[in-house]
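Step one of this worksheet: look at the structure below.
The values are calculated or read from the model by the stated rules, or taken from the named source; none is laboratory data. Just so it is clear, the structure is predicted and the values come from calculations on it, not from any experiment. Heads up, the Cβs are rebuilt from the backbone with ideal geometry, glycines too, and the neighbour counts pull from every protein chain shown.
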Amino acid sequence: MAIRYPFLIFILCYFTFPFSGLAQTAEEMPEAPAISLFTFLQQQDSVPLLKIETDWGLLLKNKLQEEYQPVTLSFTGPDGRETTVECRMRARGNTRKKVCTIPPVKIKIPKKQLKALGFNSSNDLKLVLPCQGGRFDQDCLLREEMAYRLYELIHPVHLRTKVIRLQHWEGQAESHDFLAFLVEDEEEFEDRLGGKIINRGRIRYAGLDREAYLRMVFFQYMIANTDWGIQNRHNLETIKVPGYERLIAVPYDFDYAGMVGTSYAIPHESMPIKSVTDRHFRGESITKEEVRKMRAFFLEHKAAVLQHCDSMPFFHKRAGRQTRKFVEEFFDELENERRLIRKLCK
């Protein structure tokens, strides 16, 4: 039986249009560069609908092998009409493909088809799906997507996401209808920032932009996420971006965060905590002055962070209240500067 969630997520978008006192003809105007399919979907105010027709039984059977299989993808195109493309899809994700009934997926679209539709050649779509499909898992998924958007408030170098409505089809029978979210692909992330992801060699703390590192580790502390690592780049992208002398560490995959609250999340045995909802600070060699600086920064952003929490349309009102309360506890901890310094500067 199909499960439907008829609500919209509203995002305010601001556009600045350049003005020139000199009129230009159509021939003189430079042609705007084509955007990607991801960006087209991500910029929509409403929740886009994606339809996927494939052999879901085969996908689940082969999810550990991550083998591509044929898939038909449908969505509303720039002309307002339903557009259908033939592409390939596979399961992805290290832990989730093992513990979740429905794994995250990656869709690869032929570049020729994208070009014919007026998009650029960025042809990968990364989709995060609810682990099991129930309302609890949908709330967890929305909290994880919210974590990505909260990080947008913390640092300008971040990965973009977009909540979408997904329909699974097998032949003529609709099998599932739920929410999922898109995560910006690595190649598009690089192109958007004009940067280069560094995924080889050992990362040293001295090679990271210190301000970005501090904001990242305090953010991870805010959402109670310990499932990341600098040296092995675990759940971190390290990217060289114009305007920064050192690498920027950008977090992703927040399903083990205490704020998200998935049923399968447990702390790694090396962590001195019993539950992922217990906050554990993983910053290295943080000085008292840096704690004071980050304390001031996050308190300055408190109102915006809590506003994001309040704007999330969770399926259960209790889930929304719990999420806000969890984040508020972080800000309550920031209020006592002396205690915070004693705790974090070890």
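Observations on the structure shown:
- Here residue 183 meets each of (1) touching an Asp or Glu at 6+ places or on another chain (Cβ under 8 Å); (2) at pLDDT 95 or above; (3) not basic (Lys, Arg) with one exception, condition (1).
- For segment 285-317, the set of residues classified as over 23 Å from the mean Cα position of the chain (by Cα) and either assigned to a loop (DSSP other than H, G, I, E, B) or over 23 Å from residue 214 (Cβ atoms) (or both) consists of 285, 286, 287, listed by residue number.
- Residue among 135, 149 that is touching a helix residue (DSSP H, G or I) at 6+ places or on another chain (Cβ under 8 Å), outside the structural domain of residue 308 (by TED's automatic domain parsing), surrounded by fewer than 23 Cβ atoms within 10 Å (Cβ to Cβ) and of a type in the set (D, E, K, R): 149
- Members of segment 132-171 that are under 30 Å from residue 111 (Cα atoms) and more than 12 Å from the chain's Cα centre (by Cα): 156, 157, 164, 165, 166, 167, 168, 169, 170, 171
- Any hit, segment 234-253, residues being within 30 Å of residue 139 (Cα to Cα), free of Cβ contacts under 8 Å to residues at least 12 places away in the same chain, not in a helix (DSSP H, G or I) and not aromatic (Phe, Trp, Tyr): yes
- Looking across segment 248-265, just one residue is at positive phi and not small (Gly, Ala, Ser), and that is 253.
- A single member of 58, 114, 41, 64 is under 29 Å from residue 314 (Cβ atoms) and either of a type outside the set (Asp, Glu) or assigned by TED's automatic domain parsing to the domain that holds residue 252 (or both), and it is 41.
- Test set (1) under 20 Å from residue 213 (Cα atoms); (2) in a helix (DSSP H, G or I) - residue 326 fails condition number: (1)
- Residue 156 falls short on exactly one of the conditions (1) within 30 Å of residue 243 (Cα to Cα); (2) surrounded by 14 or more Cβ atoms within 10 Å (Cβ to Cβ); (3) modelled with pLDDT of 95 or more, and that condition is (2).
- Unmet criterion (only one of (1) under 16 Å from residue 166 (Cβ atoms); (2) in contact (Cβ under 8 Å) with a residue 40 or more places away in the chain; (3) part of a helix (DSSP H, G or I)) for residue 143: (1)
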